[in-house]
Amino acid sequence: MNKIKHLYGCLALLPCAIPVSADELSTTGDMLDGIAAIVNDGVVLKSELHLQTETITKRAQDQNMQLPPPGILEEQVLESLIVKRIQLQRADRIGIQVSDQMLNQSIAAVAEQNGIAFEDMPRLLAEDDISYGVYRREMREQLILDQLRRIDVIGRISVAPREIDQCLADLEDNVVVNSEYNLSHILISVPESATADELAEAETEANYVYKQLQDGTDFAELAIRYSDSQTGLEGGSLGWRKGDQLPTIFSDVVGPMEAGDFSSPIRAISGYHIVKVNDLRGAIQRSEVEQMRIRHILITPDEIIDDETAKQQLKEAVSQINSGEDFGEIAKLLSDDPGSANDGGEMGWRGPGTYVPEFEAMAKQAEIGVISEPFQTRFGWHIIEVMDRRIHDNTEELKESGCIQRVRNSKLTEEEELWVRRIRDEAFVDIRM
């Protein structure tokens with residue numbers, strides 16, 4: 001069992017949504033399904049609620065994890081299904097779609113991570129009692145939700161230059177940003193415009209949870225029972241996070257903590273957080289990468305220039321360059337690449353993964369200073385010259401890009417919790433349980 005770890009883990013974290021007719025009857029005429037909640041113009045069915053509850057219960061049993069009483073667990077699961085339905089409805093309204101090709105690529109990536117063939121997925125899933133059709137639907141929905149999150153949350157978080165500068169200064173001597181942490185957390189949330197009474201009630205609940213932790217109650221059990229975060233039903237697990245990418249509310253407290261430690265309640269905009277350090281380790285400090293300095297000429301076929309004509313024009317360009325004419329001047333006259341034509345086709349120093357696979361493969365095998373034969377990519381026909389290669393210490397670039405990500409992540413947790421609360425509050429929800 002559980003042969004497909006990445007796959008099964010992903011499925012276990014996703015609320016299951018199996019459409020079943022709300023008026024399906026047994027042979028005796030008894031109702032088999034019903035509506036658990038009306039969500040805007042959609043519904044959450046009791047069958048979905050029961051299936052997801054069973055999934056979480058089974059996972060908890062496999063991990064020897066104590067669950068809250070069935071009634072409380074059911075409330076938590078129903079709320080997660082409601083939030084998911086609201087998000088999917090919003091994604092549908094703004095036109096987010098995931099093609100079969102994109103879905104297959106994602107499933108193939110999971111298969112590759114687990115060292116199995118894409119074609120074996122249905123059989124191996126069935127051995128874990130997972131329907132391949134259900135898995136595909138859940139994966140598609142997760143990809144849609146990821147896109148929605150990037151648009152509604154991540155895409156709207158700005159990073160100011162002064163924030164990057166401050167982060168870079170912190171990197172010099174900050175133990176947190178130079179480490180990695182495996183974290184879990186519990187959120188006791190408050191409304192966006194909480195009253196004093198609501199704040200006091202949340203603080204009391206957070207302190208009660210903290211007291212239970214001090215008395216030895218399992219963190220994951222309390223997360224499942226009390227946490228309002230979307231990770232609550234997974235025991236609050238956030239997985240491994242680089243220290244320089246932790247939310248500020250966490251990085252400010254984890255520095256002196258050791259594996260197994262948990263914090264007292266931390267006040268934030270979204271409510272009260274309790275964070276636990278499950279494990280920690282040092283992060284890699286320096287990085288080197290092989291870079292290439294390349295120039296190229298691109299001809300993009302159109303209604304006038306077909307593939308053969310484009311290829312022939314580039315062959316003539318190769319002949320001219322080899323006869324002594326200047327590559328840069330020909331690129332300025334001939335190249336259709338707006339990003340490099342004015343620079344004589346030069347693309348600067350770039351590392352692996354920068355170019356499309358066909359371009360990068362040709363560049364890797366090219367000799368320095370030798371003009372390639374014409375070759376085709378999705379952008380059109382190219383010739384290239386690898387002008388030089390070098391081993392480059394890109395630690396500083398990684399630090400800067402890491403700082404951009406860190407500042408974003410420091411705002412992400414709060415922004416995402418507020419976003420979820422906002423769309424939840426704006427939705428029409430009628431619980432029928």
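No value in this document is a laboratory result; all are computed from the given coordinates. The structure displayed is predicted, hence computed values, not measured ones. Note that we place each Cβ from the backbone using ideal geometry, even for glycine, and neighbour counts take in every protein chain shown.
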Find the centroid of the Cα atoms in the stretch 233-253 and in the stretch 302-333, then give the distance between the two in whole Å.
53 Å
Write down the radius of gyration of the chain and its Dmax, each obtained from C-alpha positions, in Å.
27.1, 90
Using +1 at the Cβ of each Lys and Arg and -1 at the Cβ of each Asp and Glu in the chain, identify which of ALA117, GLY351, ALA341 lies farthest towards the dipole's positive end.
ALA117
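Residues with beta-carbon under 14 Å from that of ARG389, excluding ARG389: net charge, scoring Lys, Arg +1 and Asp, Glu -1? Write down the numbers at each step before the final one.
Values: positive: ARG293, ARG295, ARG350, LYS364, ARG390; negative: GLU288, GLU290, GLU360, GLU367, GLU385, ASP388.
Net charge around ARG389: -1.
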Please report the spacing between the Cα centers of the stretch 178-212 and the stretch 56-111 in Å, no decimals.
23 Å
Within the stretch 288-392, percent of DSSP bridges classed antiparallel, to nearest 5
95 percent
Does anything in the stretch 344-376 have its amide N under 13 Å from the 7 Å Cα→Cβ label point of LYS315, and if so which residues?
373-375
If the chain between SER193 and TRP349 were fully stretched, how many nm would it gain, using 0.36 nm times the residue separation less the Cα-Cα distance?
51.2 nm
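Order these peptides, 388-394, 241-247, by their mean beta-carbon neighbour count within 10 angstrom, highest first.
241-247, 388-394
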Would you mind counting up the charge near ASN182? Only other residues with Cβ under 15 Å from its Cβ, with Lys and Arg at +1 and Asp and Glu at -1.
-1
Of the peptides 183-191, 369-377, 126-134, 83-91, how do they stack up when ordered by the mean number of other Cβ atoms within 10 Å, highest first?
183-191, 83-91, 369-377, 126-134
Under 10 Å, Cβ to Cβ, from SER229 - net charge with Lys/Arg +1 and Asp/Glu -1
-4
If I stretch the segment between ALA109 and LEU333 completely, what's the gain in nm (0.36 nm per residue apart, minus their alpha carbon distance), one decimal?
76.5 nm
Quick one: which of LYS332/LYS364; LYS242/LYS399; LYS58/LYS211; LYS315/LYS364 span more than 18 angstrom between C-alpha atoms?
LYS332/LYS364; LYS58/LYS211; LYS315/LYS364
May I ask you to order 227-240, 138-151 by the average number of other C-beta atoms within 10 Å around their residues, highest value first?
227-240, 138-151
Pop a pseudo-label 7 angstrom from the Cα along the beta-carbon direction at both GLU426 and ASP100 and give the gap in nm to one decimal.
3.4 nm
